[in-house]
Amino acid sequence: MYLRSLMFLTGNRQMMNEGKSNSILVSGESGAGKTETTKLLMRYLAFLGGRSKTGGRTVEQQVLESNPVLEAFGNAKTVRNNNSSRFGKFVEIQFDQSGKISGAAIRTYLLERSRVCQINSPERNYHCFYFLCSAPPEDIKRYKLGDPSSFHYLNQSSCIKVDGMSDAEEYLATRSAMNTVGI
């Protein structure tokens, strides 16, 4: 943990001393932990560049809450990973002269579109579909939803549930995150 913190501090010090744009590239094999590493980096940058809360949503809250939204709509269970990103993303966080976050932009690319129509066992489609099917009863009724096994795009695989993941809780967390980011 100390080395990880030292790496982050070194990067921040470099940005503040040089006053130039910096980039961090997170790459690796499937299942190597790129998504989790990126979330740690974003959390640390939001901590360092955070502003005092003066009411409403802060930019750093919106940056951090973009992760659950992107994961819901762009991640799926694969053979190697229960939360595998099926897309690429470019995250830009802008800082002012004092090192505080002043803005952010996230661009996604290369979404694995074929997964929507065809999945293999023991994989799952995108998380958002299962989250929807586990919504509170009033939403199930309003949107005319049902059990995931009743939908062709979800029942092609024997895997409907993921160990350690509550689709109902994730549905609520995703809705909250969407509200925070303004969706």
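Give the number of residues within region 107-132 that are aliphatic (A, V, I, L, M), under 16 Å from the mean Cα position of the chain (by Cα) and crowded, with 18+ Cβ neighbours inside 10 Å. Number of matching residues: 0. Selection of region 90-103 for residues being more than 15 Å from the chain's Cα centre (by Cα) and of a type outside the set (Ser, Thr, Tyr) yields Ile93, Gln94, Phe95, Asp96, Gln97, Gly99, Lys100, Ile101, Gly103. Considering only region 99-116, I want to know if a residue exists there that is assigned to a loop (DSSP other than H, G, I, E, B), under 22 Å from Lys161 (Cβ atoms), among the β-branched types (Val, Ile, Thr) and in contact (Cβ under 8 Å) with a residue 12 or more places away in the chain. For region 99-116, residues assigned to a loop (DSSP other than H, G, I, E, B), under 22 Å from Lys161 (Cβ atoms), among the β-branched types (Val, Ile, Thr) and in contact (Cβ under 8 Å) with a residue 12 or more places away in the chain: absent.
Those residues that are of a type in the set (S, T, N, Q) and more than 17 Å from Val26 (Cα to Cα), I need them from region 61-74; list them, please. Lay out the reasoning, then the answer.
Quick first cut of region 61-74, residues of a type in the set (S, T, N, Q) only: 61-62, 66-67.
Correct list: Gln61, Gln62, Ser66.
Filter region 151-171 down to residues that are in contact (Cβ under 8 Å) with a residue 12 or more places away in the chain and outside any loop (DSSP other than H, G, I, E, B) and give me whichever is surrounded by the fewest Cβ atoms within 10 Å (Cβ to Cβ). Going through the qualifying residues, I end up with Ala168. Scanning for something surrounded by 16 or more Cβ atoms within 10 Å (Cβ to Cβ) and of a type in the set (Ser, Thr, Tyr), does region 89-102 turn up at least one residue? No. Of all residues in region 129-150, those that are over 17 Å from Arg175 (Cα atoms) have Cβ atoms under 8 Å from Cβ atoms of residues that are surrounded by fewer than 18 Cβ atoms within 10 Å (Cβ to Cβ), 6 or more apart or on another chain, in Gly146/Ile140; Pro148/Asn155; Pro148/Ile160; Ser149/Asn155; Ser149/Ile160. Scanning region 12-46 for residues that are at pLDDT 85 or above and in contact with a Phe, Trp or Tyr (Cβ under 9 Å, 6 or more places away or on another chain) turns up Leu40, Leu41, Tyr44, Leu45.
Considering only residues in region 174-183 that are surrounded by fewer than 17 Cβ atoms within 10 Å (Cβ to Cβ) and of a type in the set (A, V, I, L, M, F, W, C), the one that is modelled with the lowest pLDDT turns out to be Ile183.
The values are calculated or read from the model by the stated rules, or taken from the named source; none is laboratory data. Since this is a predicted model, take the numbers as computed values, not measurements. Backbone-built Cβ (ideal geometry, glycine too); neighbour counts: all protein chains shown.
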